[in-house]
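Report on one structure; see the data block that follows.
The values are calculated or read from the model by the stated rules, or taken from the named source; none is laboratory data. Treat the numbers as computed from the prediction; the structure is a model and nothing was measured. As a convention, Cβ positions derive from the backbone with ideal geometry for all residues, glycine included, and neighbour counts pool all protein chains shown.
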């Protein structure tokens, strides 16, 4: 190596580290550039700072999309496992009145809804940005947030299985080890997605620009819906009507209306609390 090539590679190494690219990935990039320079000492490879920024933007974009897709896949597995086990544990709507059993039901319902919403929204945004080689840092942040919130909510929903099994053993059915197996599979799937989310949080694109809202995620479907707030109101209203009708059909209209009000209220509360954080509204 000549002093000029050593100096170039040292500058590139510093710029890559400054951009957040470290460890084995930085060594691979430096090895590739060293090979290029060994084959063609006079090759013009570009300014080290600009190259480091380009690598960081492209890797950060890839990591953000991967985090969203990994979280959605993990939540899909978790949801399938938990639904199968909770349904096999007896009448899910039956609560024995104990605080632990009530807590288990509430954790399952609320956390599962948050996990489903965050995971699905992350998938929608990752799909919308699938053709972009570099996305704004704000978009990458939203993807990481949706993935992270989905995984945390999924873990909270998973806690409902052992809580319900311990709190109401007379309500549940099937061998007790099935609950442990379901929890282990669900948590295992969630943990497998955690490294991708951490990776996306550590390395993000540096490109400027705002993050879009829910209307952009929905694409052509958003035109008749006007705004994210209207979507939240429509969902809350649909929950109220559906559960009220379900209660009427079950000869328990008051319970159905109460559940509808609670579900609709929870939907609007979630939108108010997490709407801006998850990029649903600006």
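If I filter the range 20-37 down to residues being in a helix (DSSP H, G or I) and touching a helix residue (DSSP H, G or I) at 6+ places or on another chain (Cβ under 8 Å), which single residue comes out as nearest to residue 122 (Cα to Cα)?
Taking the range 20-37 first, the residues in a helix (DSSP H, G or I) are 23-37.
Now narrow it down to the ones that are touching a helix residue (DSSP H, G or I) at 6+ places or on another chain (Cβ under 8 Å): 25-26, 29-30, 33-34, 37.
Values: 25: 26, 26: 28, 29: 30, 30: 33, 33: 35, 34: 38, 37: 41 Å.
Only one residue fits best here, namely 25.
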>> Testing residue 233 on (1) exposed (fewer than 14 other Cβ atoms within 10 Å of the Cβ); (2) more than 21 Å from residue 112 (Cβ to Cβ); (3) not assigned by TED's automatic domain parsing to the domain that holds residue 153, one condition comes back false. Which one is that?
In response: (1)
>> Going residue by residue through the range 209-220, is there one that turns out to be in contact with a helix residue (DSSP H, G or I) (Cβ under 8 Å, 6 or more places away or on another chain), at pLDDT below 85, surrounded by fewer than 18 Cβ atoms within 10 Å (Cβ to Cβ) and under 25 Å from residue 140 (Cα atoms)?
In response: yes
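Please work out if residue 104 is part of a helix (DSSP H, G or I), within 23 Å of the chain's Cα centre (by Cα), buried (at least 21 other Cβ atoms within 10 Å of the Cβ) and modelled with pLDDT under 70.
Details: part of a helix (DSSP H, G or I): yes; within 23 Å of the chain's Cα centre (by Cα): yes; buried (at least 21 other Cβ atoms within 10 Å of the Cβ): yes; modelled with pLDDT under 70: yes.
Judged against the criteria, residue 104 is a match.
Would it be correct to say that residue 201 is outside any loop (DSSP other than H, G, I, E, B), farther than 30 Å from residue 57 by Cα and touching a helix residue (DSSP H, G or I) at 6+ places or on another chain (Cβ under 6 Å)? Don't jump to the end; show me each part of the working.
On the way: outside any loop (DSSP other than H, G, I, E, B): yes; farther than 30 Å from residue 57 by Cα: no; touching a helix residue (DSSP H, G or I) at 6+ places or on another chain (Cβ under 6 Å): yes.
Against the criterion (outside any loop (DSSP other than H, G, I, E, B), farther than 30 Å from residue 57 by Cα and touching a helix residue (DSSP H, G or I) at 6+ places or on another chain (Cβ under 6 Å)), residue 201 does not qualify.
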> Looking at (1) surrounded by 15 or more Cβ atoms within 10 Å (Cβ to Cβ); (2) in contact with a helix residue (DSSP H, G or I) (Cβ under 6 Å, 6 or more places away or on another chain); (3) touching a residue at least 40 places away in the same chain (Cβ under 8 Å), which is the one condition that is false for residue 194?
Replying inline: (2)
> Of all residues in the range 240-282, how many are closer than 22 Å to residue 124 by Cα and assigned to a loop (DSSP other than H, G, I, E, B)?
Replying inline: 8
> Of the residues 12, 45, 59, which single one is surrounded by fewer than 19 Cβ atoms within 10 Å (Cβ to Cβ) and under 20 Å from residue 134 (Cβ atoms)?
Replying inline: 45
> Any idea which of 112, 140 is farther than 21 Å from residue 269 by Cβ, modelled with pLDDT of 70 or more and within 20 Å of the chain's Cα centre (by Cα)?
Replying inline: 140
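Quick check on this structure: which one of 256, 270, 275 is more than 23 Å from the chain's Cα centre (by Cα) and on the phi < 0 side of the Ramachandran plot? Even if it seems obvious, please write down each step before you answer.
Numbers: 270 fails: more than 23 Å from the chain's Cα centre (by Cα); 275 fails: more than 23 Å from the chain's Cα centre (by Cα).
Only one candidate qualifies: 256.
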>> Please go through the range 114-131 and give me each residue that is without any contact (Cβ under 8 Å) to a residue 12 or more places away in the chain and either touching a helix residue (DSSP H, G or I) at 6+ places or on another chain (Cβ under 9 Å) or buried (at least 18 other Cβ atoms within 10 Å of the Cβ) (or both), ordered by number.
In response: 127
> Can you find even one residue in the range 69-78 that is surrounded by fewer than 20 Cβ atoms within 10 Å (Cβ to Cβ) and at pLDDT below 60?
Replying inline: no
